[in-house]
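Asker: Before we start, here is the structure in question, set down as structure tokens.
The values are calculated or read from the model by the stated rules, or taken from the named source; none is laboratory data. Remember, predicted model here, so these are calculated numbers, not experimental data. Glycine also receives a Cβ, built like all others from the backbone with ideal geometry; neighbour counts cover every protein chain displayed.
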Amino acid sequence: MLPLAGAGVVVAAVALILLGTGLFKEVGGSGEKADLSEYFGVTADDGTILIVDGEIREEKAFIQNETPYVPLSFANSLYDNFYYDSLEGHLLVTGATNIVEGAQGTDYIADDTVYISLPFLNRFVAMSYEMYEKPSRIDVVTKSEEITLAEVEKETKLRQSADKKSAILAELDKGDEIQVIQENDDWAEIRYQAITGYAEIRYLGEDRDSSTVSCEGGDEADNSYKKNLRDHKIVLGFHNVSVADANSYLREAAAPTKGMNVIAPTWFSMMGTEGGLADIGSKEYVSAAHEMGYEVWGVVDNFNQDTDSNEVLSNTSKRMALEQNLINKALEYGLDGINIDFEQLQGETGDDFAQFLRELSIYTRANNLVLSVDNYVPQDYTDFYRRDIQGRVADYVLIMGYDEHTAISDEAGSVASLGFVTQGIEDTLKEVPAEQVINAIPFYTRKWAYEEGSLSCESLGMNEANTFLADNGVKAEWDADTCQNRASFEKNGVTYSIWLEDAESISSKLAVMTAHDLGGAGFWKLTQETPDIWDTIVSYYPPAS
């Protein structure tokens, strides 16, 4: 039996040995292990955790044959050029000048959800990534940044908080490299295998190395969207041409105009379900318009009853046939631009419409054609028109700043009050640069009639509206709320209401448009205006010198 003093020496010696070998550590520390699935906010069957630039994403990835795959929606959050055609089985990545098609089974996997392989995504997005297990997770870095690295000097624990009694997130072995986020005298906040926690500084080496997280790849990103913008403001008049013979009335329609530099005839319409195009264009019309000093932007719509917009746009072969037909017609007639007027699309067609514009823009850009796209005044239910993508791929994004109240409205009201027009401009500017925005305003109004609980309306041009009031001996008065002259009266049991478009209302709208320094103004439609309107227009948009 050893004397007490000798026993103390032995205990101390053993303690020194254990401490020196790293076997004696964190006396009093908790041995409880944290549930990493809970830490990452997932359940066992949630799939692979996706961590991007330190943020745990809601989307889940998966790993197949050691290759990581991420959802298509996530890929588009990094490079918004991916599109999947489920009907014909195409994954297309469309840039400013070309289209890359992915290979199924390697570049992507299509199930209920489309997944893009990270190696394929890496061709378009600079990044680095690491995969870890238990739980399965992918740590993706897309932003190069300076970080501080250190090396674990002795085995220790990565804990949830700076407290030895907190749960253990991971075991740190001697030689493990960790990222130091911040540190004080006793504890360091560190990141290890995509887990952020705390370790005691005494178990870390003293050396700190500065390093740059390197994001490589992205060489095939194609964002060279060269805009075909004019060096003057656009003043565009829509010419509603419903039959080929109406082309002969170009000079009459344009006669009252002043300062107009673009005329947009409604010549083309999507036809059938194979990408066909109804066409009432005229080379003579284009030649005459050019002689008069106008560019010609041919309008294509989807108003034909025999067509199905979703059918054409969602099938790659049909969509591309439509695009080629449009380009061929533009070149045949010598057009300066194409104006897309696809209305009443359904939400399910939004991705297909965006892809149509991506693809079409490649061809308009290559052929020096202006691409413009018509849009409703922004509302939540039209977000699928993707004005943000339009602003990137098209040259001009046009707001149809009218139809605030229509034939299906529950109450009578203005076609285009100043507040409605202003809100449309401001909301569009949140997604599209001002120099690309053209706001179109109406040359028409609606005459409202309320009789025995029933509301109806009739569309009138400016002269017709003035005649209606004069015939009834009524004078309109200025309405400050709408910034329009307004009249309301009763006759033979019918209550009539009208909000006029005239020089005063047009001036109020043009003042807002020029204050926002938009790319220009549009007007629907020629022949519905009174000649004096052009004096007002030219005072805001004088001809380029």
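Asker: Tell me, which residue of the stretch 231-280 that is in contact with a helix residue (DSSP H, G or I) (Cβ under 8 Å, 6 or more places away or on another chain) and of a type in the set (D, E, K, R) is surrounded by the most Cβ atoms within 10 Å (Cβ to Cβ)?
Answerer: Looking at the filtered set, the residue picked out is Asp279.
Asker: Next question, about the same structure. Return a yes/no flag: does the stretch 395-407 have any residue that is in the same structural domain as Ala521 (by TED's automatic domain parsing), assigned to a loop (DSSP other than H, G, I, E, B), closer than 27 Å to Ser372 by Cβ and touching an Asp or Glu at 6+ places or on another chain (Cβ under 7 Å).
Answerer: No: zero hits.
Okay, residues lined up against (1) out of contact with any strand residue (DSSP E or B) (no Cβ under 9 Å at 6 or more places or on another chain); (2) surrounded by fewer than 20 Cβ atoms within 10 Å (Cβ to Cβ); (3) within 21 Å of Val235 (Cβ to Cβ):
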| residue | (1), (2), (3) |
| --- | --- |
| Met292 | no, yes, yes |
| Gly298 | no, no, yes |
| Asp306 | no, yes, no |
| Ser309 | no, no, no |
| Val312 | no, no, no |
| Leu322 | no, no, no |
| Asn325 | no, yes, no |
| Gly337 | no, no, yes |
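Asker: For a quick check of your reading of the model, give me the residue pairs whose first member lies in the stretch 159-176 and is within 16 Å of Tyr39 (Cβ to Cβ) and modelled with pLDDT of 95 or more, whose second is in a loop (DSSP other than H, G, I, E, B) and hydroxyl-bearing (Ser, Thr, Tyr), with beta-carbon atoms closer than 7 Å and at least 6 apart or on different chains.
Answerer: From residues that are within 16 Å of Tyr39 (Cβ to Cβ) and modelled with pLDDT of 95 or more, the pairs are Arg159/Ser166; Gln160/Ser166; Ser166/Ser30; Ala167/Ser30.
Asker: Moving on. Name the residues in the stretch 202-214 that are out of contact with any Ser or Thr (no Cβ under 6 Å at 6 or more places or on another chain) and surrounded by 18 or more Cβ atoms within 10 Å (Cβ to Cβ), would you?
Answerer: Result: Leu204, single match.
Asker: Looking for whichever is more than 30 Å from Leu371 (Cβ to Cβ), among the acidic types (Asp, Glu) and touching a residue at least 24 places away in the same chain (Cβ under 8 Å) here; the options are Glu130, Glu59, Glu55, Glu88. Which one fits? Give the derivation first.
Answerer: Numbers: Glu59 fails: touching a residue at least 24 places away in the same chain (Cβ under 8 Å); Glu55 fails: touching a residue at least 24 places away in the same chain (Cβ under 8 Å); Glu88 fails: more than 30 Å from Leu371 (Cβ to Cβ).
The unique qualifying residue is Glu130.
Asker: Is there a residue being assigned to a strand (DSSP E or B), at pLDDT 95 or above and not small (Gly, Ala, Ser) anywhere in the stretch 410-427?
Answerer: No: the stretch 410-427 contains no residue that is assigned to a strand (DSSP E or B), at pLDDT 95 or above and not small (Gly, Ala, Ser).
Asker: Let me ask you something else. Report, by residue number, each residue of the stretch 303-354 that is within 20 Å of Arg365 (Cα to Cα), outside any helix (DSSP H, G or I) and in contact with a Leu (Cβ under 8 Å, 6 or more places away or on another chain).
Answerer: Across the stretch 303-354, the qualifying residues are Leu335, Asp336, Gly337, Ile338, Asn339, Ile340.
Asker: Restricting to the stretch 359-374, give me the number of residues that are part of a helix (DSSP H, G or I), buried (at least 24 other Cβ atoms within 10 Å of the Cβ) and not hydroxyl-bearing (Ser, Thr, Tyr).
Answerer: 1
Asker: Pick out, from the stretch 44-88, the strands (runs of 3 or more DSSP E) lying fully within it that include 3 or more residues that are of a type outside the set (Phe, Trp, Tyr).
Answerer: Filter on the stretch 44-88 gives 48-52, 55-64, 67-71.
Asker: Mind counting the residues in the stretch 428-440 that are aliphatic (A, V, I, L, M), within 21 Å of the chain's Cα centre (by Cα) and outside any loop (DSSP other than H, G, I, E, B)?
Answerer: Step one: list which residues in the stretch 428-440 are aliphatic (A, V, I, L, M), which gives 429, 432, 434, 437-438, 440.
Adding the requirement that they be within 21 Å of the chain's Cα centre (by Cα) leaves 429, 432, 434, 437-438.
Applying the additional criterion that residues be outside any loop (DSSP other than H, G, I, E, B) yields 434, 437-438.
Count: 3.
Asker: Can you pull out the residues in the stretch 34-73 that are more than 14 Å from Met131 (Cβ to Cβ) and among the acidic types (Asp, Glu)?
Answerer: Asp35, Glu38, Asp45, Asp46, Asp53, Glu55, Glu58, Glu59
Asker: Can you give me the ranges of the strands (runs of 3 or more DSSP E) entirely in the stretch 123-180 with at least 1 residues that are in the same structural domain as Asp46 (by TED's automatic domain parsing)?
Answerer: Passing ranges, in order: 128-132, 137-141.
Asker: Quick one: how many residues across the stretch 501-523 are closer than 30 Å to Asn472 by Cβ, surrounded by fewer than 22 Cβ atoms within 10 Å (Cβ to Cβ) and either of a type in the set (A, V, I, L, M, F, W, C) or within 29 Å of the chain's Cα centre (by Cα) (or both)? Let's see the steps before the verdict.
Answerer: Looking only at the stretch 501-523, we keep the residues that are closer than 30 Å to Asn472 by Cβ, and these are 501-510, 523.
Going one step further and asking which of them are surrounded by fewer than 22 Cβ atoms within 10 Å (Cβ to Cβ), we end up with 502-504, 507-508, 510.
Next, only the ones that are either of a type in the set (A, V, I, L, M, F, W, C) or within 29 Å of the chain's Cα centre (by Cα) (or both) stay: 503, 510.
Total satisfying the criteria: 2.
Asker: Looking only at the stretch 281-306, which residues are under 19 Å from Ile327 (Cβ atoms) and either out of contact with any helix residue (DSSP H, G or I) (no Cβ under 9 Å at 6 or more places or on another chain) or in contact (Cβ under 8 Å) with a residue 60 or more places away in the chain (or both)?
Answerer: Glu295, Trp297, Val299, Asp301
Asker: Could you check how many residues of the stretch 290-313 are at pLDDT 95 or above, out of contact with any Ser or Thr (no Cβ under 7 Å at 6 or more places or on another chain) and within 22 Å of Asp374 (Cα to Cα)?
Answerer: 4
Asker: Every residue in the stretch 207-245 that is among the hydroxyl-bearing types (Ser, Thr, Tyr) and in a loop (DSSP other than H, G, I, E, B), please. Reasoning before the result, please.
Answerer: Looking only at the stretch 207-245, we keep the residues that are among the hydroxyl-bearing types (Ser, Thr, Tyr), and these are 210-212, 214, 224-225, 242.
Ser214, Ser224, Tyr225, Ser242, listed by residue number.
Asker: Taking the conditions exactly as written (over 24 Å from Trp297 (Cα atoms) and surrounded by 18 or more Cβ atoms within 10 Å (Cβ to Cβ)), does Gln528 satisfy them or not?
Answerer: No, not satisfied.
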